[in-house]
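Each remark here refers to the structure printed beneath this line.
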Amino acid sequence: MPKKKGKKAGKPKGKKTSFKTNDDSLSTDPIAPEYIVPAPQPRETLLKLLLTNPVKEKELFGIQVSTRALEKLTPQEIRDLRMVFEAFDINERGYIGAVEVRKAMLALGFRMTRDDARQMVQDASVKGKGTIDFNEFLDIVLDKQGDSKDIYDEINQGFKLFDHEGIGKVSLNDLVLACREAGVKLAKQELLDMMEVADLNGDGFVDKDEFIKVMLQTNLF
């Protein structure tokens, strides 16, 4: 007789175990650090990346930039100066001459004569071709920034020589005394004319800001 088919042995069925989710337990991770170090600022990351290896030039905005420029200028300033350089690089050769350098520097607010521009281009040009590339242009800008600080220091020192009373203002009597000490003979009317030109607010004195402005305008430093 054929054997009766029996039920196949299988895994014993048991009740499904349900796990209840506790929101409070998920909100606190036992292995999570108590303090998370904040992410570095984009500029810090960029500069760290660019200055990791001490090489002469690094790439920024698709252009080669010297390490000196990266240390002294922000990426924003480098980009802005690149735009100025390209504005005067009319032929798009990647080089500009003394004439263009002078125009660019005047546009940036620096005082520069034609002779100064020719000399600076000659000194900055590595190849000595009478033209400079963008990195050499950046070097000129950085040098002029240093010169500008020195000029202001000299003007401030000059103001102190005129300000005999130390009140932060120069009077007509201060000018007379300064001329006498320097052995310069000027008529009183000439000194009055000088005061009138420099005294922008009309208070009868020349303060430091007025003194600096007239020195820069007249190139007397």
| note | Every listed condition ((1) outside the structural domain of R68 (by TED's automatic domain parsing); (2) at pLDDT 85 or above) holds for L186 save (2)
| field | Single condition M195 does not satisfy, out of (1) surrounded by 11 or more Cβ atoms within 10 Å (Cβ to Cβ); (2) of a type in the set (A, V, I, L, M, F, W, C); (3) modelled with pLDDT under 85 | value | (3)
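The values are calculated or read from the model by the stated rules, or taken from the named source; none is laboratory data. Given the structure is predicted, the values throughout are model-derived calculations rather than measurements. Virtual Cβ from ideal backbone geometry, glycine too; neighbours counted across all protein chains shown.
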